[in-house]
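A.B. asks: Structure below; questions to follow.
The values are calculated or read from the model by the stated rules, or taken from the named source; none is laboratory data. Worth saying up front: this structure is predicted, and the values here are computed from it rather than measured. Because the Cβ atoms are built from the backbone with ideal geometry, glycine has one as well, and the counts that use them run over all protein chains shown. Heads up: the accessible areas ignore ligands, DNA and RNA and are worked out on the full protein's heavy atoms, side chains in. Shrake-Rupley method; radii C 1.70, N 1.55, O 1.52, S 1.80 Å.
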Amino acid sequence: MARGNRSTTSSSKWRCCHPSYYLKRPKRLALLFIGFVFVSFFVWDRQTLLREHQIEVAKLQKELTDLQNLLEVNNAQGGTVGKIGLGGKIIKSSEDAPDDPIDTQRREKVKEAMLHAWGSYEKYAWGQDELQPQSKSGVNSFGGLGATLIDSLDTLYIMGLHEQFDKAKEWVATSLDFNKDYEASVFETTIRVVGGLLSAYDLSGDKVFLEKATDIADRLLPAWDTPTGIPYNIINLSHGRAHNPSWTGGNSILADSGTEQLEFIALSQRTGDPKYQQKAENVIAQLNKTFPEDGLLPIYINPKSGTTGYSPITFGAMGDSFYEYLLKVWIQGNKTSAVKNYRDMWEKSMKGLLTLIRRTTPSSFAYICEKNGGSLSDKMDELACFAPGMLALGSSGYGPDESQKFLSLAEELAWTCYNFYQSTPTKLAGENYFFHSGQDMSVGTSWNILRPETVESLFYLWRLTGNKTYQEWGWNIFQAFEKNSRVESGYVGLKDVNTGVKDNMMQSFFLAETLKYLYLLFSPSSIIPLDQWVFNTEAHPLRIVPRNEMGDADNSNEKHKPFPRLGGRKEGRSD
């Protein structure tokens, strides 16, 4: 239509919309203004009411969330503990987070690493204790007890590697022999062999593992035949003669003597024979008689008198797992009154731990000192990096304020331990670190032997807070292992984390702990849930079984049900 031929209707519409139409008619203008004000007020009032309603709803939702989290913090019986992060921030639990594709991909990468490590062991060191990847040979560093094979059983099962698990089980049934003229470490044999066999039994339900665990435990028992019941740390598996290392001056070592309780209590539960539990728990009873108010014990104990000698106090080597087991026996006993003494001792020790905390300059990294007499040493072992996970795991037994304090400390220490890795050229941590004013941290002993402690703590913190940052840190550590430690025939440690020079040993705990914790870090929380399982210090999961009020372990052998085999659509099968 041409612009000069508008219809009457369109011309009228144009006129009533032009300002001059109203300027010539004051009454119409006034009415229009009144109408505009009325409509504007009505719309503004509705928007104000809507905003106020939304604010009230948000407040109610926050109050509900806070109440739910307070209940979780105060719930000392549940497996999911307080979910309060740094600064009082409420953090969603990983149990509420669905499995995502990135987690699945990363889990499969870790699984492939396990297959590479296991396949190399199977090819070059089958049945021997550990693989030497560079020379493609095996070595019996634990007297020929098949340490790597037994240490790996539960990792294979959890990852759904059924063919590999079944082949290893056949070796245990037909070839594993403990009648050896070998001076065994009671501690190492308990955590790796007894713990590994019991975990395989709890997961699979196959009694061959329980029978073998009972055999080796019986060979260890004479070590507890001392005037106090505090065990000697070395025993001949064939002849039963026990003694302590010469370099301890005849003393027993704190961690070596106080890190058999989980395994021996579990063995009594599974067999119905109380002798294992009685031997192990008597040690704690003896130590509790003179337990200091700060809960910190020197690393040397006289097995004849039960007194502690002048020696360092540390959460690193020779002290670490004693404190870990005080907490975990409480969890293993389902946090009942029968195991309250363990929790009480642990809380005393955590008060002591707080006195060992210092922070660096300029970056304020928190770290745990070692104590020698009345002085503190600014040194921390990477082994002590289990402590963040322990603190997070134990925080739920406190009230809200204390729970927040210890969880916050756990997160600070985890950041320090992660930076043990990030501060080196290889992004792998050294064995220990020193702290100097104005310099933050520096590597002391510079080797890395594939240790799991930092990854262990990242696993616990992720499970208990749902903060995916811990997954990212774990993934970075895994990639550093892949880059620096993976070789053609397995994985090796580094002689120096600064230069990357490799050694020739694949430690059994790399398969038992490091790879398992990495795998679980990217797995749903329904895989080995923390309210049903407790990990020994070698990362072997044991079922939680309640204790009766007398403190005796209930015999769960008749009711034992195997954990479902994994390997569904998401996990994949390798067999």
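A.B. asks: Considering only residues of region 104-133 that are surrounded by fewer than 20 Cβ atoms within 10 Å (Cβ to Cβ) and hydroxyl-bearing (Ser, Thr, Tyr), which is nearest to residue 164 (Cα to Cα)?
C.D. replies: The selected residue is 120.
A.B. asks: Now for a different question. So is residue 234 crowded, with 23+ Cβ neighbours inside 10 Å and either farther than 24 Å from residue 335 by Cβ or at pLDDT 95 or above (or both) or not?
C.D. replies: Working: crowded, with 23+ Cβ neighbours inside 10 Å: no; either farther than 24 Å from residue 335 by Cβ or at pLDDT 95 or above (or both): yes.
No; evaluated as a whole, the condition is false for this residue.
A.B. asks: Can you tell me which residues in region 322-363 are polar (S, T, N, Q) and under 23 Å from residue 254 (Cα atoms)?
C.D. replies: Residues of region 322-363 that are polar (S, T, N, Q), as a first pass: 332, 334, 336-337, 341, 349, 355, 360-361, 363.
Selection gives 332, 341, 349, 355.
A.B. asks: May I pose another question? State all residues of region 231-248 that are out of contact with any Phe, Trp or Tyr (no Cβ under 7 Å at 6 or more places or on another chain) and farther than 24 Å from residue 177 by Cα; if no residue qualifies, say none.
C.D. replies: Selection gives 245, 246, 247.
A.B. asks: Out of 477, 528, I need the residue that is open to solvent by less than 10 Å² (accessible area, probe 1.4 Å), part of a loop (DSSP other than H, G, I, E, B), of a type outside the set (Ser, Thr, Tyr) and modelled with pLDDT of 95 or more. Which one? So that I can check it myself, show each step before the final result.
C.D. replies: Working: 477 fails: part of a loop (DSSP other than H, G, I, E, B).
Selected residue: 528, the only one of 477, 528 that is open to solvent by less than 10 Å² (accessible area, probe 1.4 Å), part of a loop (DSSP other than H, G, I, E, B), of a type outside the set (Ser, Thr, Tyr) and modelled with pLDDT of 95 or more.
A.B. asks: Mind counting the residues in region 383-408 that are open to solvent by less than 10 Å² (accessible area, probe 1.4 Å) and more than 15 Å from residue 324 (Cβ to Cβ)?
C.D. replies: Matching residues across region 383-408 total 3.
A.B. asks: Among all residue pairs at least 6 apart or on different chains, which show Cβ distances below 7 Å where the first residue, located in region 252-267, is closer than 20 Å to residue 333 by Cβ and aliphatic (A, V, I, L, M) and the second is open to solvent by less than 10 Å² (accessible area, probe 1.4 Å) and not in a helix (DSSP H, G or I)?
C.D. replies: From region 252-267, the pairs are 262/534; 262/536; 262/542; 266/542.
A.B. asks: Same structure again: Filter region 432-467 down to the residues that are of a type in the set (S, T, N, Q) and within 16 Å of the chain's Cα centre (by Cα), then identify the one that is nearest to residue 479 (Cα to Cα). Explain how you work it out, then say what you get.
C.D. replies: If we filter region 432-467 for residues that are of a type in the set (S, T, N, Q), which is where we start, we get 432, 437, 439, 442, 445-446, 448, 454, 457, 465, 467.
From what's left, within 16 Å of the chain's Cα centre (by Cα): 454, 457, 465, 467.
Details: 454: 14, 457: 18, 465: 23, 467: 20 Å.
Ranking the qualifying residues of region 432-467, first place goes to 454.
A.B. asks: Here's another thing I want to ask about it. If I ask for residues that are under 20 Å from residue 469 (Cα atoms) and outside any helix (DSSP H, G or I), which ones from region 498-525 would you list? So that I can check it myself, show each step before the final result.
C.D. replies: From region 498-525, those under 20 Å from residue 469 (Cα atoms) are 514-525; that's our starting set.
If the condition is that a residue be under 20 Å from residue 469 (Cα atoms) and outside any helix (DSSP H, G or I), then 522, 523, 524, 525 are the ones that fit.
A.B. asks: Right, something else. If a residue must be in a helix (DSSP H, G or I) and over 20 Å from residue 320 (Cβ atoms), how many such residues does region 251-280 contain? Working first, answer last.
C.D. replies: As a first pass, look at region 251-280 and keep what is in a helix (DSSP H, G or I): 254-257, 261-271, 275-280.
Retained after the next criterion (residues that are over 20 Å from residue 320 (Cβ atoms)): 266-271, 275-279.
Residues in region 251-280 being in a helix (DSSP H, G or I) and over 20 Å from residue 320 (Cβ atoms): 11 in total.
A.B. asks: Then there is this: Within the set of pairs 6 or more residues apart or between chains, which connect a residue that is touching a residue at least 12 places away in the same chain (Cβ under 8 Å) inside region 324-338 to a residue that is of a type in the set (Phe, Trp, Tyr) and open to solvent by less than 10 Å² (accessible area, probe 1.4 Å) with Cβ atoms less than 6 Å apart?
C.D. replies: Pairs found: 326/342; 326/346; 327/346; 329/342; 330/342.
A.B. asks: Give the residues of region 233-250 that are assigned to a loop (DSSP other than H, G, I, E, B) and touching a Lys or Arg at 6+ places or on another chain (Cβ under 9 Å), sorted by residue number. Reasoning before the result, please.
C.D. replies: Taking region 233-250 and keeping what is assigned to a loop (DSSP other than H, G, I, E, B), we get 233, 237-241, 244-245, 249-250.
Scanning region 233-250 gives 237, 238, 240, 250.
A.B. asks: Against the conditions (1) in a helix (DSSP H, G or I); (2) closer than 22 Å to residue 346 by Cβ, where does residue 415 fall short? Just the number, please.
C.D. replies: (2)
A.B. asks: Something else about it: What are the residues in region 531-545 that are within 18 Å of residue 193 (Cα to Cα), part of a loop (DSSP other than H, G, I, E, B) and open to solvent by 10 Å² or more (accessible area, probe 1.4 Å), if any?
C.D. replies: Correct list: 537 only.
A.B. asks: Also, quick follow-up: Report the residue count in region 323-338 for those that are hydrophobic (A, V, I, L, M, F, W, C) and buried (at least 23 other Cβ atoms within 10 Å of the Cβ). Don't jump to the end; show me each part of the working.
C.D. replies: Filtering region 323-338 for residues hydrophobic (A, V, I, L, M, F, W, C) gives 326-327, 329-331, 338.
Those left that are additionally buried (at least 23 other Cβ atoms within 10 Å of the Cβ): 326, 329-331.
Selection size over region 323-338: 4.
A.B. asks: Out of 272, 205, 196, report the one residue that is crowded, with 24+ Cβ neighbours inside 10 Å, under 28 Å from residue 154 (Cα atoms) and small (Gly, Ala, Ser).
C.D. replies: Details: 272 fails: crowded, with 24+ Cβ neighbours inside 10 Å; 205 fails: crowded, with 24+ Cβ neighbours inside 10 Å.
Within the list 272, 205, 196, the selection yields 196.
A.B. asks: Filter region 427-453 for residues that are farther than 14 Å from residue 500 by Cα, at pLDDT 95 or above and open to solvent by 50 Å² or more (accessible area, probe 1.4 Å) and give the result.
C.D. replies: Residue satisfying the conditions is 434 alone.
A.B. asks: Also, I was wondering about something else. What pairs come up if the first residue lies in region 189-209 and is assigned to a helix (DSSP H, G or I), the second is open to solvent by less than 10 Å² (accessible area, probe 1.4 Å) and among the basic types (Lys, Arg), and their beta carbons are under 9 Å apart, counting only those six or more places apart or on different chains?
C.D. replies: From region 189-209, the pairs are 198/270; 201/270; 202/270.
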